[in-house]
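Colleague: Before anything else, here's the structure in question.
No lab work stands behind these numbers, since they all come straight from the coordinates. Quick caveat: nothing in here was measured; it's all calculated off a predicted structure. Cβ atoms come from the backbone with ideal geometry, glycine included; neighbour counts cover every protein chain shown.
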């Protein structure tokens, strides 16, 4: 097996040494666990484990074979995006409870400036100010104030949201190649972060070539698909990094090595903060984003994504070996999930039945087929959010202009239902009337929207369709976007494959149970008791 530069550096870092809602969880007893490692792999489909099982030899293989693995697990909410998905992982509550309902309403906060450089594409500041309620972090610190948490990711929202509003150690990657935080958490970067950034590891990838990990004959996927990278080219191996170190650090987010650098940073932080060395339980939360970047650009059926999963497997192997050299494995729990899945590219042959998928445009012109004053009033008082997708309106403003909001809603729904590719358009007020046991679309929309939401109508496309032309994407209530791995690895859990219906919101109460802590509020999730010894 070839070992990348990042993997070698990583080794050198460490010295030898059901649907029952609102159920209150009671702890099952005390635990000797000193460290919980909670890993979220961005855009990790559950079927990647089975699809590539024969070629997995490292960390993913270790988890798949040795964990309590729930094969029928889902995010049970409608807008399957990064921010909502991360907000529920350790909260045990759906987005309607966490308040994080879409990426654009995630962590951007100009009142909390970034220290160390803004994340690629991020706002000038970031914090969990929109997050509501508590997480496993709060439940642990309520039991023992000595519990500490380190949360790291390439993305700011992926580092921030898993631990909610807790002011712990939270860091994310910046476009300048440094790990950063915001003033919500600290006034300056601690010395260990400054030392790590000073090594300029991302810049060392300048001129490096991302080539296949295995021989080309081991990949069944074509290496040149017109839809990849939205037809902009650059879709065949090898993928060469820029020669300029600063540019290489900026584009590192789009290649597998970003995961390895994130894992290096997590290990160094764990050691510097001495997580897992005390009598209390600490948390190391890691969100790995390369699968998402590669998946968006090349799709889930690409040779690039195949290679990314293999590289993630090897990177996690190095991480786990390094972790267990310095921490007692009998006192460590590992949990792994994803924030969402992904749909295949339209027009690309897939394992998914996407043969009839099409690009869809919203029927706004038809719905707003009014003239003069009415058209202007509608434009000012209504908005259809495409990539979410839903209709919001200012009822008061429309009524003041003597326009019936309900007549507008009726016109919008009628127009949307005539659009090829639209499955349904639901009034939000009608969703509670659905049989949510059988109607997964209604159920997931109900789990998404807060009671005071201004959303009037939610539109759901037929499976595998896209809103407009885009790269490979996600965000729907359908299972290909919602089906994710949920697994637990460590002494408290019974290894095996479990086919019972499970949700990501069940992870926090399950972990709370084995850690002997009580949630501070009512949860949507329940304890997955079948997996507990």
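Colleague: Two decimals, Cα atoms only, Kirkwood Rh: what is Rg/Rh over the stretch 110-261?
Modeller: Taking Rh as the inverse mean 1/r over Cα pairs, Rg/Rh reads 1.06.
Colleague: Using the number of other C-beta atoms within 10 angstrom as an exposure proxy, rank 223, 215, 352, 76 with the fewest first.
Modeller: The most exposed by this proxy come first: 215, 223, 352, 76.
Colleague: What number results when the radius of gyration of the stretch 79-143, computed over Cα atoms, is divided by 2.2 N^0.38 Å?
Modeller: 1.19
Colleague: Please report the antiparallel percentage of the DSSP beta bridges confined to the chain, to the nearest 5.
Modeller: In the chain, approximately 50 percent of DSSP beta bridges are antiparallel ones.
Colleague: Give me the Kirkwood hydrodynamic radius of the stretch 278-370 in Å, from all C-alpha pairs, to one decimal place?
Modeller: 17.3
Colleague: Per the helix-only calculation at 222 nm, which mean residue ellipticity applies to the chain, given -39500 (n - 2.57) for every DSSP H run of n ≥ 4 and division by its residues, nearest 500 deg cm²/dmol?
Modeller: My calculation for the chain gives -8500 deg cm²/dmol from helical runs alone.
Colleague: Here is a further query. Once a ≥ b ≥ c are taken as the square roots of the eigenvalues of the Cα gyration tensor of the stretch 72-187, is the result rounded (a/c under 1.5), prolate (a/b larger than b/c) or oblate (a/b not larger than b/c)?
Modeller: oblate
Colleague: Can you tell me the equivalent ellipsoid semi-axes for the chain? Use √(5λ) from the Cα gyration tensor, largest first, whole Å.
Modeller: 37, 28, 23
Colleague: A further question on this structure: As a test, work out the antiparallel percent of DSSP beta bridges whose residues both lie in the stretch 73-214, rounded to the nearest 5.
Modeller: 60
Colleague: Additional query: Would you list 270, 417 from fewest to most Cβ contacts within 10 Å?
Modeller: The most exposed by this proxy come first: 417, 270.
Colleague: How large is Rg/Rh for the stretch 204-259, to two decimals, with Cα atoms and a Kirkwood Rh?
Modeller: Rg divided by Rh gives 1.00.
Colleague: Which order results if 287, 322 are arranged by neighbouring Cβ count within 10 Å, fewest first?
Modeller: Listing 287, 322 from fewest to most nearby Cβ atoms yields 322, 287.
Colleague: Mind checking the alpha-carbon convex hull of the stretch 379-450 and giving the volume per residue in Å³?
Modeller: Expressed per residue, the convex hull around the Cα atoms of the stretch 379-450 is 111 Å³.
Colleague: Run through all the Cα pairs of the stretch 160-209 and give the fraction in each 5 Å bin from 0, expressed as whole percent.
Modeller: Going out from 0 Å in 5 Å bins, the stretch 160-209 shows 4, 18, 25, 21, 14, 9, 5, 2 percent.
Colleague: Using only Cα atoms, what is the ratio of the radius of gyration of the stretch 316-475 to 2.2 N^0.38 Å?
Modeller: Relative to the 2.2 N^0.38 Å estimate, the stretch 316-475 comes out at 1.42.
Colleague: Continuing with the same structure: For the stretch 132-177, compute the orientation-averaged projected area of the C-alpha convex hull (one quarter of its surface), in nm².
Modeller: Result: a mean projected hull area of 3.4 nm².
Colleague: Here is a further query. So if each residue of separation counts as 0.36 nm, and I subtract the Cα-Cα distance between residue 439 and residue 407, what length gain in nm does that give?
Modeller: 8.9 nm
Colleague: Still on this structure, please answer the following. Rounded to two decimal places and with Rh computed the Kirkwood way over Cα pairs, what is Rg over Rh for the stretch 430-493?
Modeller: Rg/Rh for the stretch 430-493 comes to 1.08.
Colleague: Across every pair of different alpha-carbon atoms, what Kirkwood hydrodynamic radius in Å does the stretch 211-330 reach?
Modeller: Across the stretch 211-330, the inverse of the average 1/r is 16.2 Å.
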